[in-house]
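The values are calculated or read from the model by the stated rules, or taken from the named source; none is laboratory data. Every value quoted in this text rests on a predicted model; they were computed, and no experiment measured them. Cβ placement follows ideal geometry from the backbone for every residue including glycine, while neighbour counts extend to all protein chains displayed. Just so you know, the surface numbers come from the protein's heavy atoms only, side chains and all, with ligands and any DNA or RNA stripped out. Shrake-Rupley method; radii C 1.70, N 1.55, O 1.52, S 1.80 Å.
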Amino acid sequence: MALNLVFLGPPGAGKGTQAKQFAAARGIPHVSTGDMLREALAAGTELGLRAKAVMEQGRLVGDDIIIGVVRERLSRPDARPGFVLDGFPRTVPQAEALDTIVAGRDPLVIVDIEVPDEELVRRLTSRRVCGQCGANAPVPAPGEPVPTACGRCGGALTQRADDREDVIRERLRVYGRDTFPLVEYYSGRSTFRRVDGAQPAERVASDLAAAVASAAAAAAR
Ligand SMILES: [Zn+2]
């Protein structure tokens, strides 16, 4: 059976890292719509130019563009044994479009990585980047101090402007507002699973693998 996976999770849940690791371990593509858009912008492809025009007007890249990108990506041969979708779908209309795209293929397995807001705020406000070499400092575990010097070059660490608490809370509010209906959309399926993302990353990874295995078994029945 193909592993057709959707990873959901708020900013700060570690979803991108988990998705990348899981896809690499299973030899299936990690399909991150954020990465694909950034690459398209950098390469100046037709998609990149369309997205750029939209963003220059201060608008978000619309469903039609994103859905087109995902449809094309999932139709490639390397996605036949499965894929890990990261950052898509974000809305119910996108989820409906995805169901159409994968019609006739093995069922989607949806894993929601859940982390309480207070832990997300702690993680995101603890993020620091080196002003000298640009490296991201590891986010401290709960109870550990926020680092002030770069572990790689010793340079001073700074906080990005969009990692301020008020900005983060607004981002989480928007995520919750948009994602609640999405979780509702999927939660009745036998292949929907929740994973506790507030644990250390290795525990999250093993719980994730177990959740995917159990959902895949449910799909095969
Ligand atoms: Zn540094």
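Structure notes:
- Count of region 1-16 residues which are over 19 Å from VAL121 (Cβ atoms) and open to solvent by 20 Å² or more (accessible area, probe 1.4 Å): 2
- Filter result for VAL183 (of a type in the set (Val, Ile, Thr), surrounded by 12 or more Cβ atoms within 10 Å (Cβ to Cβ), touching a residue at least 24 places away in the same chain (Cβ under 8 Å) and closer than 26 Å to VAL129 by Cα): no
- Any pair with Cβ under 6 angstrom, 6 or more apart, that starts in region 151-169 at a residue that is without any contact (Cβ under 8 Å) to a residue 60 or more places away in the chain and within 16 Å of the ligand (Cβ to nearest atom) and ends at one that is open to solvent by 70 Å² or more (accessible area, probe 1.4 Å) and not β-branched (Val, Ile, Thr): CYS153/GLN132; GLY155/GLN132
- In the set (1) outside any loop (DSSP other than H, G, I, E, B); (2) crowded, with 17+ Cβ neighbours inside 10 Å, GLY176 fails one condition alone, (2).
- Failed condition for ARG71, given (1) over 18 Å from the mean Cα position of the chain (by Cα); (2) in a helix (DSSP H, G or I); (3) of a type outside the set (A, V, I, L, M): (1)
- Any hit, region 131-145, residues being within 30 Å of ARG173 (Cβ to Cβ), at pLDDT below 95, open to solvent by less than 60 Å² (accessible area, probe 1.4 Å) and not hydrophobic (A, V, I, L, M, F, W, C): yes
- In the set (1) more than 16 Å from the ligand (Cβ to nearest atom); (2) surrounded by 20 or more Cβ atoms within 10 Å (Cβ to Cβ); (3) farther than 20 Å from HIS30 by Cα, the condition left unmet by ARG128 is number (1).
- Index of the failed condition, GLY34 passing every other in (1) assigned to a helix (DSSP H, G or I); (2) closer than 28 Å to ALA198 by Cα; (3) modelled with pLDDT of 95 or more: (3)
- Close pairs from region 113-132: first assigned to a helix (DSSP H, G or I), partner within 16 Å of the ligand (Cβ to nearest atom), Cβ under 7 Å, at least 6 apart: ARG123/VAL139
- Considering each residue of region 88-98 in turn, none proves to be surrounded by 15 or more Cβ atoms within 10 Å (Cβ to Cβ), farther than 23 Å from ARG171 by Cβ and aromatic (Phe, Trp, Tyr).
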